[in-house]
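What follows is a single structure, written as structure tokens, with notes after it.
The values are calculated or read from the model by the stated rules, or taken from the named source; none is laboratory data. Not measured: the values here are computed from a predicted model. Cβ sites come from the backbone with ideal geometry, for glycine too, and all protein chains shown count toward neighbours.
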Amino acid sequence: MTSDDLILGIDFGGTKVALGLSDRTGALLATRRLDTDAEAGAEQVVARALSAAAQLVSGSRLAAIGVVSPGIVLPDRILLAPNVPGWEKLHLAELVSAAFPAVPVAVGTDAKAAALAEWTWGTLAGADPAVFLSLGTGIAAAVLVGGRLLTGANGAAGEIGYNLRTPQDADGFASGAAPLEEAVGGRWLGTRATALLGRPVTAGELFALARENTEAKELVASALDELSMHVANLAIAFDPSRIAVGGGLVRSADVLLPALRERLAAAVPFPPELVPARFDQDASLLGAVALALRE
């Protein structure tokens with residue numbers, strides 16, 4: 001391998017930024033993580049991340065850079081990414097290109113990029129169609145057909161966090177809501193568990209408590225009933241051969257996956273194979289690398 005075979009991946013998240021220097025096989029040679037410090041705004045996190053990236057790649061020649069973010073990344077703004085003040089106004093590709101002149105830069109949505117990493121190097125390899133289900137702080141899906149991401153007319157394909165839950169959710173996005181995400185996303189599960197149990201509880205802790213605490217068990221069961229219905233409808237719509245489940249909640253796979261498999265088996269005419277994603281901590285970061293290599 002020569003130095004100009006290296007790829008820089010940058011994964012901007014709501015709570016952290018992950019940086020990675022990779023070869024063309026997706027092997028991460030060096031990584032670094034920063035706190036997003038979301039309340040301080042968008043400009044500071046981008047500036048700190050680019051400074052850290054320059055240190056990470058010091059002495060190396062880059063072939064390409066991949067950058068991913070929540071939301072729909074357009075040249076002059078980012079849509080559907082409300083967690084960091086000012087994020088929607090960023091010209092993300094332009095900022096990265098200014099820091100690394102003459103290096104090709106590819107930008108994209110984190111969940112879709114993670115799906116590309118799973119198809120390239122992970123558990124979705126060879127699956128067609130394939131679905132990546134990201135279950136973490138937020139909820140999203142990505143569909144690949146023939147190994148190509150289905151982006152949709154506006155880049156918003158798979159944003160199932162905005163799915164309506166009942167006929168009464170008629171306003172949905174227009175009212176500022178993400179109905180499904182606010183019901184079963186990790187952040188909101190943690191909030192509901194905290195109120196229910198009277199002490200701070202994360203979504204991961206909630207799943208662990210559900211093994212012995214009746215109230216926690218009922219909350220988890222209700223969330224999984226609702227989530228599994230939406231996953232089944234997704235499978236009915238796209239008839240995938242395989243679904244890979246990633247994101248922070250997959251750490252509770254022993255509770256999560258059986259519930260999803262049961263609903264798929266009962267509701268879907270041709271139930272797809274359901275597997276945990278290969279990549280846990282670095283899915284979106286490796287997705288940034290895969291995006292750079294592809295584009």
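Is there a residue in the stretch 104-120 that is surrounded by fewer than 16 Cβ atoms within 10 Å (Cβ to Cβ) and not in a helix (DSSP H, G or I)? Let's see the steps before the verdict.
Initial filter on the stretch 104-120 (surrounded by fewer than 16 Cβ atoms within 10 Å (Cβ to Cβ)): 104.
Applying the additional criterion that residues be not in a helix (DSSP H, G or I) yields 104.
Yes, there is a match, as at least one residue in the stretch 104-120 is surrounded by fewer than 16 Cβ atoms within 10 Å (Cβ to Cβ) and not in a helix (DSSP H, G or I).
Taking the condition of being under 20 Å from THR137 (Cβ atoms) and without any contact (Cβ under 8 Å) to a residue 60 or more places away in the chain, how many residues in the stretch 163-198 meet it? First the steps, then the outcome.
Here is the first cut: in the stretch 163-198, the ones under 20 Å from THR137 (Cβ atoms) are 163, 165, 172-173, 176-197.
Filter once more, keeping what is without any contact (Cβ under 8 Å) to a residue 60 or more places away in the chain: 172-173, 176-185, 187-197.
Going through the stretch 163-198 one residue at a time, the tally reaches 23.
For the criterion of being without any contact (Cβ under 8 Å) to a residue 40 or more places away in the chain and either in a loop (DSSP other than H, G, I, E, B) or of a type in the set (A, V, I, L, M, F, W, C) (or both), LEU285 fails.
Looking at the structure I just gave you, is ASP5 crowded, with 17+ Cβ neighbours inside 10 Å, closer than 29 Å to TRP121 by Cα and either out of contact with any Phe, Trp or Tyr (no Cβ under 6 Å at 6 or more places or on another chain) or not assigned by TED's automatic domain parsing to the domain that holds ASN154 (or both)? So ASP5 fails the test. If only residues of the stretch 52-90 that are among the small types (Gly, Ala, Ser), part of a loop (DSSP other than H, G, I, E, B) and in contact with an Asp or Glu (Cβ under 7 Å, 6 or more places away or on another chain) are counted, the one that is nearest to ARG24 (Cα to Cα) is ALA81.
Look at (1) more than 24 Å from GLU159 (Cβ to Cβ); (2) more than 19 Å from the chain's Cα centre (by Cα); (3) among the aliphatic types (A, V, I, L, M) and you find that LEU90 fails only one, number (1).
Scan LEU50, LEU28 and give me the residue that is touching a Gly at 6+ places or on another chain (Cβ under 6 Å) and either surrounded by fewer than 20 Cβ atoms within 10 Å (Cβ to Cβ) or farther than 16 Å from LEU293 by Cα (or both). Just one listed residue meets the conditions, LEU28.
In this structure, is ALA223 part of a helix (DSSP H, G or I), over 24 Å from TRP121 (Cα atoms), in contact (Cβ under 8 Å) with a residue 12 or more places away in the chain and not hydroxyl-bearing (Ser, Thr, Tyr)? When the stated conditions are applied, ALA223 passes them.
The residues of the stretch 115-127 that are in contact with a helix residue (DSSP H, G or I) (Cβ under 9 Å, 6 or more places away or on another chain) and at negative phi, listed by number, are ALA115, LEU116, ALA117, GLU118, TRP119, THR120, TRP121, GLY122, LEU124, ALA125, ALA127.
If a residue must be out of contact with any Pro (no Cβ under 7 Å at 6 or more places or on another chain) and either assigned to a strand (DSSP E or B) or crowded, with 21+ Cβ neighbours inside 10 Å (or both), how many such residues does the stretch 139-159 contain?
So in the stretch 139-159, the residues out of contact with any Pro (no Cβ under 7 Å at 6 or more places or on another chain) come out as 139-142, 146-159.
Still in the list and also either assigned to a strand (DSSP E or B) or crowded, with 21+ Cβ neighbours inside 10 Å (or both): 139-142, 148-149, 158-159.
The total comes to 8.
Hey, any hits in the stretch 263-276 for a residue that's small (Gly, Ala, Ser), assigned by TED's automatic domain parsing to the domain that holds GLY147 and touching a residue at least 60 places away in the same chain (Cβ under 8 Å)? No.
The residue that is surrounded by the most Cβ atoms within 10 Å (Cβ to Cβ), among those in the stretch 226-256 that are in a loop (DSSP other than H, G, I, E, B) and at negative phi, is PRO240. Only residues that are of a type in the set (A, V, I, L, M) and either within 19 Å of GLU295 (Cα to Cα) or modelled with pLDDT of 95 or more (or both) were counted in the stretch 1-17, giving 4. Here the condition is being of a type outside the set (A, V, I, L, M, F, W, C), outside the structural domain of VAL17 (by TED's automatic domain parsing), touching a residue at least 40 places away in the same chain (Cβ under 8 Å) and within 21 Å of LEU285 (Cβ to Cβ); of GLY138, GLY108, GLY66, it holds for GLY138 alone.
Rundown of residues vs (1) polar (S, T, N, Q); (2) in contact with a helix residue (DSSP H, G or I) (Cβ under 6 Å, 6 or more places away or on another chain); (3) within 29 Å of ARG187 (Cβ to Cβ), yes/no style:
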site: HIS91; (1), (2), (3): no, no, yes
site: VAL96; (1), (2), (3): no, no, yes
site: PRO101; (1), (2), (3): no, no, no
site: THR109; (1), (2), (3): yes, no, yes
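Listed by first and then second residue, the pairs with beta-carbon distance under 6 Å, at least 6 apart or on different chains, first residue in the stretch 40-52 and closer than 14 Å to LYS89 by Cα, second in a helix (DSSP H, G or I), are ALA42/TRP87; VAL46/LEU95.
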